[in-house]
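The values are calculated or read from the model by the stated rules, or taken from the named source; none is laboratory data. All of these numbers come straight from a predicted model, not from anything done at the bench. Using ideal geometry, Cβ is built from the backbone for each residue, glycine included, and neighbour counts are taken over all protein chains shown. Note: accessible area is taken over every heavy atom of the protein model, side chains too, but ligands, DNA and RNA are not part of it. Shrake-Rupley method; radii C 1.70, N 1.55, O 1.52, S 1.80 Å.
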Amino acid sequence: MKFDIKDKGLAAKGQLRIEWAAQSMPVLRSIAERFARQRPLAGIRIAACLHVTTETAYLAHTLKAGGADLRLCASNPLSTQDDAAASLVVHDEIPVFAIKGEDKETYYRHIHASLEHRPQITMDDGADLVSTLHSERKELLTDILGGTEETTTGVIRLRSMANKGVLQYPIIAVNDADTKHLFDNRYGTGQSTIDGIIRATNRLLAGANFVVSGYGWCGRGVAMRAAGMGAKVIITEVDPLRALEAVMDGYQVMAMAEAAAIGDFFCTLTGDIRVLRREHFQVMKDGAIICNSGHFNVELDLDTLADMAVARRQVRDFVEEFKLSTGRNIYVLGEGRLVNLAAAEGHPSSVMDMSFANQALSAEYLVKHGGSLEKRVHRVPVDIDKNIARLKLACMGVSIDTLTPEQEKYLHSWEMGT
């Protein structure tokens, strides 16, 4: 079996951590138990480009239980948990190609390695796997039934490909499922991003000006958690509706040109490029801390910051100091990559339970229906989304009401316009 990981000796530690994560993933556990009985993915080759964490490892267990022939690589050079990767290789005999801190060349070599068994389904987080298939491995496209995409940035890229008419197979946007983005993006990103910032810096958030760029579901989550820690939250936005919502939620809203001069912490979550750039660096306070929790590190213009710096040094794990000619210092966390995974452990397993339940059930759906789907980006079927919500509620011991026959008839009459 081919694989490329840091150290097989980390497998025992990884197995314990995977077991710990699995305790908070009852929905995925129930799916794994059914998959083991029914084997809906038997013989299906899957290439997955995901953050290689303990939660992802439990998804890998589930897919293998369903009969899948899985290969896994990292979707970000800094997000891999090396012990989880080792456990998958040693205990589960799943080929993994991921090393925390791998360089760009190794990152793409690992993507190619994950494609060597000619996948029929792809699982992506950021669309690098799909992009590589369409640009460098086109000969593999004929085997593919469909794919899934985990995150907002990837969905944006894939919708762009579909709009241009170049997407060659259907993709299910797991990110768009309500049981994903309403919980994973908001509560998962919110908690794990603040966790990463605090682990990296050990700085107090209470009383600080905390600038959140982008008020999508991830931005909402970070703003909510930063405010809960006592920070004075400032939102920057380009969308007037989201900006208005942020105002109504009680936050200050202003342009980044204004926020740059007063912020103590800055976190970008937009999915766009150069959100923080030269004109912002020029006016930032001495000691300003900047980080990114969007998928790619392009949200911070680090090349320009490096050009502006007269000196730079690593002052803590995942904290790099850039000294400007004015004598001011700007601190970058986690090389501008996802701070929640670069400097912490990513989302809590209880929210990834729903996200990865969507991945597993979407893979099953593609086996049954992938051949009949249009070559575009599709939502997760509503039945799957609602079923995951029901399973999660049941696991939490929460009961809800059901409509009476009279209520169903009444609502149906309105839907029919009678």
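Figures for the structure shown
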{"quantity": "Subset of region 217-226 that is open to solvent by 10 Å² or more (accessible area, probe 1.4 Å) and out of contact with any Gly (no Cβ under 7 Å at 6 or more places or on another chain) - its residue that is nearest to Phe296 (Cα to Cα)", "calculated": "Cys218"}
{"quantity": "Region 392-418, residues that are among the β-branched types (Val, Ile, Thr) and in a helix (DSSP H, G or I)", "calculated": "none"}
{"quantity": "Filtered residue count, region 78-94, keeping only those that are surrounded by fewer than 22 Cβ atoms within 10 Å (Cβ to Cβ), part of a loop (DSSP other than H, G, I, E, B) and modelled with pLDDT of 95 or more", "calculated": "1"}
{"quantity": "All positions within region 21-31 that are in a helix (DSSP H, G or I) and in contact (Cβ under 8 Å) with a residue 40 or more places away in the chain", "calculated": "Ala21, Ala22, Pro26, Val27, Leu28, Ser30, Ile31"}
{"quantity": "Neighbours by Cβ (under 6 Å, 6+ apart or cross-chain): first from region 278-302, within 28 Å of Asp128 (Cα to Cα); second small (Gly, Ala, Ser)", "calculated": "Asn292/Gly336; Gly294/Gly271; His295/Gly126; Asn297/Gly336; Leu300/Gly336; Leu302/Gly336"}
{"quantity": "Any hit, region 117-130, residues being open to solvent by 30 Å² or more (accessible area, probe 1.4 Å) and more than 20 Å from the chain's Cα centre (by Cα)", "calculated": "yes"}
{"quantity": "Hey, Asn358 touching a Ser or Thr at 6+ places or on another chain (Cβ under 9 Å) and among the polar types (S, T, N, Q) or not", "calculated": "yes"}
{"quantity": "From the options Leu391, Leu403, Leu411, residue that is over 21 Å from Ala177 (Cα atoms), surrounded by 10 or more Cβ atoms within 10 Å (Cβ to Cβ) and in contact with a helix residue (DSSP H, G or I) (Cβ under 9 Å, 6 or more places away or on another chain)", "calculated": "Leu403"}
{"quantity": "Residue under evaluation Gly346, criteria (1) modelled with pLDDT of 95 or more; (2) under 27 Å from Gln23 (Cα atoms), criterion not met", "calculated": "(1)"}
{"quantity": "Of residues in region 370-388 being free of Cβ contacts under 8 Å to residues at least 40 places away in the same chain and open to solvent by less than 100 Å² (accessible area, probe 1.4 Å), the one farthest from Asp353 (Cα to Cα)", "calculated": "Ser372"}
{"quantity": "Those residues of region 159-175 which are out of contact with any Ser or Thr (no Cβ under 9 Å at 6 or more places or on another chain) and part of a helix (DSSP H, G or I), in sequence order", "calculated": "Arg159, Ser160, Ala162, Asn163"}
{"quantity": "Qualifying position, being within 30 Å of Leu145 (Cα to Cα) and either modelled with pLDDT of 95 or more or open to solvent by 10 Å² or more (accessible area, probe 1.4 Å) (or both), among Val339, Val367, Val332", "calculated": "Val367"}
{"quantity": "Verdict on Val212 being over 28 Å from Ile384 (Cβ atoms) and open to solvent by 70 Å² or more (accessible area, probe 1.4 Å)", "calculated": "no"}
{"quantity": "Selection from region 227-280 of residues that are under 25 Å from the mean Cα position of the chain (by Cα), open to solvent by 60 Å² or more (accessible area, probe 1.4 Å) and β-branched (Val, Ile, Thr)", "calculated": "Val238, Ile273"}
{"quantity": "Strands (runs of 3 or more DSSP E) within region 288-391 that include 2 or more residues touching a Gly at 6+ places or on another chain (Cβ under 8 Å)", "calculated": "288-292, 329-333"}
{"quantity": "For Thr153: the one exception among (1) at pLDDT 95 or above; (2) open to solvent by less than 20 Å² (accessible area, probe 1.4 Å); (3) under 17 Å from the mean Cα position of the chain (by Cα)", "calculated": "(1)"}
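Every residue, every condition in (1) farther than 25 Å from Gly294 by Cα; (2) among the small types (Gly, Ala, Ser), yes or no:
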position: Arg109; (1), (2): no, no
position: Met123; (1), (2): no, no
position: Gly126; (1), (2): no, yes
position: Glu136; (1), (2): yes, no
position: Thr148; (1), (2): no, no
position: Arg157; (1), (2): no, no
position: Asn163; (1), (2): no, no
